[in-house]
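As C-alpha cells, the structure follows; a few thoughts come after it.
Laboratory data are not the source of any read-out in this text; all were calculated from the coordinates shown. Predicted model, so just to flag it, every value in this text is computed and none were measured. FYI the Cβ positions are ideal-geometry reconstructions off the backbone, even for glycines, and counts take in every protein chain you see.
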Amino acid sequence: MSVVSSSAPTTIRCHACGAEFHQGVERCPSCGRVVTTRSARIVLALTLLLIIAGFAFTQYFVALHRATQSSLAVRWYTRGEQAMQASLPAVAADDYRTALTYDPANQQYRLRLAQALLAANRLNEARAHLISLWEEEPADGEINLTLARLHARRGERAKAVRYYGNAINGVWNEKPRARRIATRFELVYYLMQQNQRPQAEAESVALQADGPTDPADQLRLGSLLLQLNEPARAIDAYNAVLARDPGNAQAWLGKGQASLALASYAEAEHAISNALEHDAKLEDARRQLELVRELLRLDPALRGLSLADRSRRVAEAFQVAFQRLNHCAAEQGYRFADHNPAPQPPNGNGATPAAAPAPLQSLYATGMQKQPVATERALRKDPDALEPTMQYVFAVERATAPLCPQMEVADRALLTLAQHENEAVK
C-alpha cells in the first residue's frame, strides 16, 4: 500500500504586524496590509536604481552642456579682448555679443560689450547697456567710470562729472585705491580740457591729499600741478618721490622746472644739475640748465648784487634786446625808418625790405634814444634808469617772441624774466 506524503503549507510573516499566514495570501489577515513578496521588492529596487541612473545620466549631460556653453563664451570673450587690443572695437562688440549668447547673465561680458560700443562711437547702444548695468549695480566703480566717459563723449559735462564722482566713491573689485586715484586723475584732465580750472584745482587738492604712494603717480601729479600753475605744490609731489628715491632723475628735473616757475633760480639750478647727474641723457634737462644759468648771470634783481653788478647786467640786457630787435626785423624782411635813411639793400628775394610795423618801429626809436643812457657807466650814475631800461628790454623780448620764435639762450632768459615780472605784477 502506497503512502502519500504531503508537506505543510509555507507560511510567511507580515512585516508590519508580525502575524504569520500562508503564502499566496495578498493581504495580511491581521492588519490588512498588502503583502510584498521578495520578487516584488527586487523589481522595486531595480526600478529605483534605473531612476537614479537616469537622473545621474541627465545631470551629466546637463553639466557637459553647461561646460561647453561656458567654454564657448570664454573663447568668444577672449577674441573680443584681442580685438580691443588691436583697436578693432566694432569687431570686439560682435565677439562680446556672441559670448553673451552662451552666457547671458555674465555682467563682465555685458560691461565689455558696452565699452566696445563706446569705443566704436555707437553711443546710444552703449548707453542702453550701461544704464541697464547701472540700475543693477549703481555703486559699481567701473560702470560709473564708463558712464562718465560716455557723457564726456556726448558733451554732457555735468553728467560726466557726476559719474566721475560716483566712480571715485564707488566699489572696485580689484585695487580699489589705485583705481580711484587713476579716475581722479582722469577727472582733473577732463576738467582742464573743459576749461574748468577752479574745479580742476579743487580735484587736484583732493588728489594730493589722498597721497598716491606709487612713484609714477607722484611724478604724474607733479606734472599735472605744473600744468595747473601750482609749482609750490608740484615741488611737494616731487619731494615725496625723492624722499623714497633720491636718485630719481625725473623727480629732480620736475622739481627744477617747478623752482624755475617760482623764479627760484638757484634752487632750479641745483635740482636740474642733480637730474643730469643721475641721467646724463636728459637733453631737456641740459637745455633747462643752460637757461637757468643764463638767468643767474643776467638777472639784475638777484639779492646781494651791488650797484655796479646791476648796472653791468642791465647794460648787457639792453644790448642783447636791441640786437634781437634788429635781427628779428631783418629776418622778417622789415626795415626801420631813420632820420637819415641809408639806401636799403634788397632782401633775399631781391625786393626792397618793407617798412617795419608800428610797434617794432616804436621800439627801435625808443632804443635809439636810450642807447646813450643804457651803458654801464651811465646806469651807475643814474640808478633810477635801471628799472625803465629793463622794462624796455622786456617789451622788446615780448614783441619779438611771436615773430621770431627761434632765439638765443640770452633772449630766452630775458623773455623768462619778462614773464616772471608779469606774474609778479598780477
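Short version: ³J(HN,Hα) in whole Hz for each residue of region 272-277, in order, from phi by Karplus 6.51 cos²θ - 1.76 cosθ + 1.60 (θ = phi - 60°), x for Gly and Pro, what are they?
5, 4, 5, 4, 5, 5
Using a Cα-Cα cut-off of under 28 Å, which lysines could be cross-linked to Lys381, ignoring same-chain neighbours fewer than 8 residues away?
The reachable lysines, counting only those whose Cα sits under 28 Å from Lys381, are Lys370.
For region 225-298, calculate the relative contact order in percent as a whole number, restricting contacts to Cα pairs under 8 Å that are 6 or more residues apart.
Computed value for region 225-298: 25 percent relative contact order.
Quick one: grab the alpha carbon gyration tensor of region 225-298, order the square roots of its eigenvalues as a ≥ b ≥ c, and give me rounded if a/c is under 1.5, else prolate or oblate depending on whether a/b is larger than b/c. Before the final figure, lay out the partial values.
Working: a/c = 1.88, a/b = 1.12, b/c = 1.69.
Oblate shape, in that a/c is at least 1.5 and b/c is the bigger or equal ratio.
Considering amide H positions built from the backbone, and no H for Pro or chain starts, which residues 5 or more places from Ala355, or on another chain, come under 5 Å of its amide H?
Arg335
Tell me which trypsin sites (Lys or Arg not before Pro) from region 96-169 have a DSSP coil assignment and no more than 14 other beta carbons within 10 Å of their own.
Within region 96-169, the qualifying trypsin sites (Lys or Arg not before Pro) (loop, at most 14 other Cβ atoms within 10 Å) are Arg154.
Which of Ser70, Ser204 has the fewest other C-beta atoms within 10 Å, and how do the rest follow up to the most?
Least to most surrounded, the residues fall as Ser70, Ser204.
How do Glu230, Glu421 line up, fewest other C-beta atoms within 10 Å first?
Ranking Glu230, Glu421 by Cβ neighbours within 10 Å, fewest first, gives Glu421, Glu230.
Would region 105-171 count as rounded, prolate or oblate if I go by the C-alpha gyration tensor, calling it rounded below 1.5 in a/c and otherwise prolate when a/b exceeds b/c, oblate otherwise?
Numbers: a/c = 1.99, a/b = 1.06, b/c = 1.88.
Note, shape of region 105-171 comes out oblate.
For Asp140, what residues show an amide H to amide H distance below 5 Å, using hydrogens built from the backbone and excluding near sequence neighbours?
Excluding prolines and chain starts, which carry no amide H, the hits are Val171.
How high is the relative contact order of region 102-237, in percent, counting Cα pairs under 8 Å that sit 6 or more residues apart?
Relative contact order for region 102-237 comes out at 13 percent.
Quick one: compute the contact order of region 109-160, relative version, from alpha carbon pairs under 8 angstrom and 6+ residues apart, as a percent.
29 percent
At a 10 Å Cβ-Cβ cut-off, how would you order Glu135, Glu142, fewest neighbours first?
Glu135, Glu142
Among the lysines, which have Cα under 28 Å from the Cα of Lys159 when same-chain residues fewer than 8 positions away are ignored?
Lys175
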